[in-house]
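*Asks:* Take a look at the following structure, please.
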Amino acid sequence: FLGFSLMGFEMIGSRYLYPFYGGGIDTWAALISTVLAALMCGYFMGGYAVERFPSTRLLGFIVIVSGFYLGIIPIFADNLLTLFIDVFGDGLTSILVASFALLFFPLTLLGAYSPFAIHLATEQKDSSGKISGITYGISTFGNIFGTLVTTFYLIPIMGSRKITYVLAVTVCCCGISIVLSSLRSRAQQV
């Protein structure tokens with residue numbers, strides 16, 4: 001669900017930017033670069049954090065914060081994008097700043113999921129390759145599915161704001177389920 005949501009938000013991001021910057025190649029380059037930069041930072045951050053704080057509960061809270069931020073995007077997006085147009089104009093700098101402001105923080109947090117999940121699921125070093133392959137394979141499948149379903153089905157039927165709320169709630173529910181599984185696991189150990 002997190003891979004689905006991540007790419008769903010990239011597609012929805014294009015809908016938030018479109019009224020201000022259009023849907024041209026510059027907008028898509030800014031969006032794709034933002035998502036890739038967020039994933040890169042999330043992978044580094046997640047890898048570093050899980051080595052210091054290997055906690056399933058922390059992972060759940062990271063996911064919940066990401067979902068919360070994504071859920072408030074409809075509240076501030078138009079005013080923020082209007083501000084960026086006023087300050088930076090409608091050129092490349094403005095598109096990049098707008099894309100980063102909308103998506104960088106929450107997608108960085110979602111990017112931290114994979115290193116956390118791999119580390120927490122790996123009990124022995126000889127299984128790390130298999131676990132990382134499964135984790136990234138499932139995540140990428142979700143990315144593909146999220147891109148296609150969001151673009152060809154959800155946006156035409158629901159519109160961007162409703163999808164934003166649905167995906168934000170989905171991400172928060174994933175985070176809550178991670179926290180609850182951590183608490184259940186801890187209770188069983190006692």
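The values are calculated or read from the model by the stated rules, or taken from the named source; none is laboratory data. Please read these numbers as outputs of a predicted model, since none were measured by experiment. Every residue, glycine as well, gets a Cβ built from its backbone with ideal geometry; the counts of neighbours run over all protein chains shown. Surface areas here come from the heavy atoms of the whole protein model, side chains and all, with no ligands, DNA or RNA. Shrake-Rupley method; radii C 1.70, N 1.55, O 1.52, S 1.80 Å.
*Asks:* So which residues in the stretch 43-71 are open to solvent by less than 50 Å² (accessible area, probe 1.4 Å), within 17 Å of the chain's Cα centre (by Cα) and of a type in the set (Val, Ile, Thr)?
*Replies:* Selection gives 62, 63, 64.
*Asks:* Among the residues of the stretch 118-129, write down those that are of a type in the set (S, T, N, Q) and either open to solvent by 100 Å² or more (accessible area, probe 1.4 Å) or within 21 Å of residue 42 (Cα to Cα) (or both).
*Replies:* Once the filter is applied, which keeps residues that are of a type in the set (S, T, N, Q) and either open to solvent by 100 Å² or more (accessible area, probe 1.4 Å) or within 21 Å of residue 42 (Cα to Cα) (or both), the stretch 118-129 yields 122, 124, 128.
*Asks:* May I pose another question? Within the stretch 95-117, can one find any residue that is at positive phi and either modelled with pLDDT of 95 or more or open to solvent by less than 30 Å² (accessible area, probe 1.4 Å) (or both)?
*Replies:* No, the stretch 95-117 has no match at all.
*Asks:* Which numbered condition in (1) out of contact with any Gly (no Cβ under 9 Å at 6 or more places or on another chain); (2) on the phi < 0 side of the Ramachandran plot; (3) open to solvent by less than 60 Å² (accessible area, probe 1.4 Å) is the only one that residue 89 fails?
*Replies:* (2)
*Asks:* Which number in (1) at pLDDT 95 or above; (2) closer than 18 Å to residue 37 by Cβ; (3) of a type in the set (A, V, I, L, M, F, W, C) marks the one condition that residue 83 misses?
*Replies:* The single condition residue 83 does not satisfy is (2).
*Asks:* Give me the helices (runs of 4 or more DSSP H) completely within the stretch 12-124, filtered to those with at least 2 residues that are small (Gly, Ala, Ser) and within 30 Å of residue 187 (Cα to Cα), ordered by residue number.
*Replies:* 25-52, 56-88, 113-121
So that you can scan it fast, the table gives a plain yes or no per residue for (1) loosely packed, with under 13 Cβ neighbours inside 10 Å; (2) in contact (Cβ under 8 Å) with a residue 40 or more places away in the chain; (3) within 13 Å of the chain's Cα centre (by Cα):
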site: 131; (1), (2), (3): no, no, no
site: 139; (1), (2), (3): no, yes, yes
site: 150; (1), (2), (3): no, yes, no
site: 161; (1), (2), (3): no, yes, no
site: 164; (1), (2), (3): no, yes, yes
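*Asks:* Of everything in the stretch 1-27, what is among the small types (Gly, Ala, Ser) and without any contact (Cβ under 8 Å) to a residue 12 or more places away in the chain? Give them in sequence order.
*Replies:* Correct list: 22, 23, 24.
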